[in-house]
Amino acid sequence: MSEAMSQAVTRSVTAGSAGLLASLDPLLHEWLPRQRWFAGKGRPVTGFSLVAATELLPSDAKLGLHHLLVRAHQPLSPVPGSGVPHPGDCYQLLIGAREALPPRLAPALIGHVHDGPLAGRTVYDALYDPRPAEVLLEALRTQARIGGLRFERREEIRPDLVPRMVTAEQSNSSVIYGDTFILKLLRRVLPGVNPDLELPLALAREGCPRVPAPAAWMTAEVGDTGDDSYVLGVLQPFVQGASDGWELALRELAKGEDFAAEARALGRATAEVHTALARALPTVSLAHLQLQSLVDGMAERLEAAAQAVPALRPYAPGLHSAFEALADLAAEGHTWTAQRIHGDLHLGQCLRSPSGQWSLIDFEGEPAKPLAERRMAQPVVRDVAAMLRSFDYAAHSAGGPPATRWAAACRAAYCTGYAEAGGRDPRTDPVLLRAYETDKAVYEVLYEARHRPDWLPVPLAAVRRLAMGSQPV
């Protein structure tokens, strides 16, 4: 990075932010809803409000760079249980400005600005551009303070790492630096402690090798007193040559290769992460009242899904029996331990290194859920059930009896591996496991009906099995 860029990175916008947003407003109306990570698809954007704006490179330079936190307002029902209108989702944007966009940045185009501080310039998603990505790395390397932005690090970072954006579709955005680090930029951000930073830091303190330890991170302090803090991004080691668990499973399935050994190793990795989290953070005991609340939530989600998806309705009574069986055990005095877990575990959240080591990534939890809910202690079986569903998804994407047998072998091997490292086989708690897998399958039915109707038969196959009382494994 040049000396001029290093100096410019310390400048913060103090005026003209409202004019900046006003000038970008018509362009964002068109561009933002088209992004893979935009959460409000299907509902019109009625307006934008500015949460925070920071100038990272001056507007009048050859390359201008603005960091924005922008709230998108859409017609929404009230926040569940509160009666309060939803405030709208807040998105992190890194806006680059040039006189003209070079052809290599054409996919990043947002549009041409006609008025305001960027009048006459072309604006674009700056994460596609290596130079703005260098600005972020330099800020992390030097632990910069830029307006409300805060950059922290745990280890040394070389200044000469060449950035490249990950172009695969994701719910966030990622930049790889020289095959050494990967920076995950959260797009939809919320104030508060984000588990995607909190849990990997806790695991790093425990020395758990199954989760890449954060090397650095960036946050924003918003408001007159900085009361609201947003986690914006996390820099972690890049596992060069690693295979995504989902893609690896599909490749092996397509070749007719057995995946049970990998599933067993992945079960061990999951148990090791759970064990380390139980050491690092408090655990709680779930007794009758807590379990009844959990069961009520499962039943309510089933009812809502059955109303929205007619194909689910014939199975609703059988699915309710899975939740009722759990409620009966709780009423008899059974208790379960709850702790912090991954919260959104599936094959796509797992990486296998060339040496065969499995790692778990992306501890953000289910993005659609409130942050407080994502940070709640829960039984580890919830993660296990989600992974069992992921094996089913992989198998059904191939189809046919061989794939079904492949999934059954993977599910059993995963539980065996979990028991080897965790000391307890999830299959010894069949009522809890069935309830969680049922809850996950119901969620999948609703999701597929809304977003991918062609995939609806995948969770419906599990629904049929679970409604008949079949055990998950």
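A few points about this structure:
- Every listed requirement among (1) part of a loop (DSSP other than H, G, I, E, B); (2) surrounded by fewer than 20 Cβ atoms within 10 Å (Cβ to Cβ) is met by His342 save one, (2).
- Residue count for the stretch 186-202, restricted to those that are surrounded by fewer than 21 Cβ atoms within 10 Å (Cβ to Cβ) and among the hydrophobic types (A, V, I, L, M, F, W, C): 4.
- Leu183 vs. criteria buried (at least 21 other Cβ atoms within 10 Å of the Cβ), at pLDDT 95 or above and in a helix (DSSP H, G or I): no
- Top-ranked residue of the stretch 345-365 - restricted to ones that are outside any loop (DSSP other than H, G, I, E, B) and among the small types (Gly, Ala, Ser), ranked as surrounded by the fewest Cβ atoms within 10 Å (Cβ to Cβ): Gly348
- Filtering the stretch 253-288 to residues that are in a helix (DSSP H, G or I) and of a type in the set (Gly, Ala, Ser) leaves Ala254, Ala260, Ala261, Ala263, Ala265, Gly267, Ala269, Ala271, Ala276, Ala278, Ala280.
- Identity of the residue in the stretch 206-260, surrounded by 15 or more Cβ atoms within 10 Å (Cβ to Cβ) and among the hydroxyl-bearing types (Ser, Thr, Tyr), that ends up nearest to the chain's Cα centre (by Cα): Tyr230
- Matching residues in the stretch 164-179 - criterion: being open to solvent by less than 50 Å² (accessible area, probe 1.4 Å) and within 22 Å of the chain's Cα centre (by Cα): Met165, Val166, Asn172, Ser173, Ser174, Val175, Ile176, Tyr177
- Hits in the stretch 289-316 - residues which are assigned to a helix (DSSP H, G or I) and among the β-branched types (Val, Ile, Thr): Val295
- One residue alone among Ala263, Ala316, Ala304 is modelled with pLDDT of 95 or more, open to solvent by less than 40 Å² (accessible area, probe 1.4 Å), over 30 Å from Ser174 (Cα atoms) and not charged (D, E, K, R), and that residue is Ala316.
- Options Leu101, Leu140, Leu136: the member that is surrounded by 14 or more Cβ atoms within 10 Å (Cβ to Cβ), free of Cβ contacts under 8 Å to residues at least 60 places away in the same chain and either assigned to a helix (DSSP H, G or I) or touching a Ser or Thr at 6+ places or on another chain (Cβ under 7 Å) (or both): Leu101
The values are calculated or read from the model by the stated rules, or taken from the named source; none is laboratory data. Small disclaimer: the values here were computed from a predicted structure and weren't measured. With ideal geometry, Cβ positions are generated from the backbone for all residues, glycine too; neighbour counts draw on all protein chains shown. Surface accessibility is based on the protein's heavy atoms, side chains included, excluding ligands, DNA and RNA. Shrake-Rupley method; radii C 1.70, N 1.55, O 1.52, S 1.80 Å.
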